[in-house]
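*Asks:* One structure follows; several queries about it will come next.
The values are calculated or read from the model by the stated rules, or taken from the named source; none is laboratory data. Predicted model only: the values in this text are computed from it and were never measured. Cβ: placed from backbone, ideal geometry, glycine included. Neighbour counts: every protein chain shown.
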Amino acid sequence: MKKQTFLCITFLLVTFSTIAQETYLDVVINYTPTTMNFGNNNKALKDFKDGYWGLQAGASFQMGVNEYFSLVPELYFVMKGTKLENNNPLTGQETRIRFNTIDLPVLARLHLCNLYLNVGPVVSYNIHGRIKNEANETMSGGKTKMNFGSDPGTYSRWDAGFQFGLGYEFQLKKSRLLFDFRYHYGMVDMGNGTDMYNRYFNMNILLAKKWKTNPLTKAKKRDMALWEELDNSTFPIEYK
């Protein structure tokens, strides 16, 4: 009975390691659009609001768990913001809002052949921000550096929310290429009571090689060696 139990456990370990997703370190360098949601004013601003294009750079680490599932922590710098056209009902003049942010998403990834689904929480830290107003017939222009805090007239240093979406993986000879489509749903009012939320859709293009020190690969080799030893053994293993 002990031998049968041992063989069953060994078989499960070998199976788990054999079908595990590979581990990858993806490099993220994109020029991507973001935008903001203005709560109750968002509908009125719909025709005046444009996306802001900014740099996104960092890394995505896919840790394979089994055939269908991976954990994907990411860390990257991203320029976020939006543009409001002249005569908009909120500021009355052309306005550009920009945040320079560090994002830390931790995603669960479900693999369906080359297609995958992402979902998970994200925490963001705002390093710097500014608002630029363009002069028009009735209003003067200028740049304003954001002050971060919790008081009225300041902006939130921290943001939190969820990211979800899907992607497609192309396997290359020695690497892989990902097209990742994702929606970022910010839940923190960045204007401390003025209804400003980071909510946007973007697309990432990621290029990666397999992670050389994948612990699942090491476990697979150890378990396969043990399985072969048991399979080739002439005498039964005795347990005391």
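*Asks:* Checking the structure you have, find out if any residue of the range 47-54 is over 16 Å from the mean Cα position of the chain (by Cα), outside any strand (DSSP E or B) and either of a type in the set (Lys, Arg) or farther than 21 Å from Ile131 by Cα (or both).
*Replies:* The answer is no, given that none of the residues of the range 47-54 is over 16 Å from the mean Cα position of the chain (by Cα), outside any strand (DSSP E or B) and either of a type in the set (Lys, Arg) or farther than 21 Å from Ile131 by Cα (or both).
*Asks:* Given the conditions (1) in a loop (DSSP other than H, G, I, E, B); (2) under 17 Å from Met196 (Cβ atoms); (3) among the hydrophobic types (A, V, I, L, M, F, W, C), which single one is not true for Ile131?
*Replies:* So Ile131 meets the others, but not (1).
*Asks:* Determine whether Gly161 is at pLDDT 90 or above, surrounded by 12 or more Cβ atoms within 10 Å (Cβ to Cβ) and either touching an Asp or Glu at 6+ places or on another chain (Cβ under 9 Å) or not in a loop (DSSP other than H, G, I, E, B) (or both).
*Replies:* Taking the combined requirement at face value, the residue satisfies it.
*Asks:* Just one of (1) at pLDDT 95 or above; (2) closer than 20 Å to Val72 by Cα trips up Phe170, so point out which.
*Replies:* That leaves (1) as the condition not met.
*Asks:* Evaluate the following for Arg130: is it closer than 21 Å to Trp53 by Cβ and surrounded by fewer than 17 Cβ atoms within 10 Å (Cβ to Cβ)?
*Replies:* Criteria met by Arg130.
*Asks:* Of the conditions (1) surrounded by 14 or more Cβ atoms within 10 Å (Cβ to Cβ); (2) touching a strand residue (DSSP E or B) at 6+ places or on another chain (Cβ under 8 Å); (3) over 27 Å from Gly39 (Cβ atoms), Thr91 satisfies every one except a single condition; which number is it?
*Replies:* Going through the list (1) surrounded by 14 or more Cβ atoms within 10 Å (Cβ to Cβ); (2) touching a strand residue (DSSP E or B) at 6+ places or on another chain (Cβ under 8 Å); (3) over 27 Å from Gly39 (Cβ atoms), Thr91 breaks only (3).
*Asks:* Which count do you get for residues in the range 156-192 that are under 16 Å from Val123 (Cα atoms) and hydroxyl-bearing (Ser, Thr, Tyr)?
*Replies:* 3
*Asks:* Let me ask something else. So how many residues does the range 133-158 have that are exposed (fewer than 14 other Cβ atoms within 10 Å of the Cβ), small (Gly, Ala, Ser) and under 21 Å from Val78 (Cα atoms)?
*Replies:* 1
*Asks:* Also: Using the structure shown, decide if Leu112 is within 21 Å of Ser60 (Cα to Cα), assigned by TED's automatic domain parsing to the domain that holds Asp189, exposed (fewer than 12 other Cβ atoms within 10 Å of the Cβ) and touching a residue at least 40 places away in the same chain (Cβ under 8 Å).
*Replies:* yes
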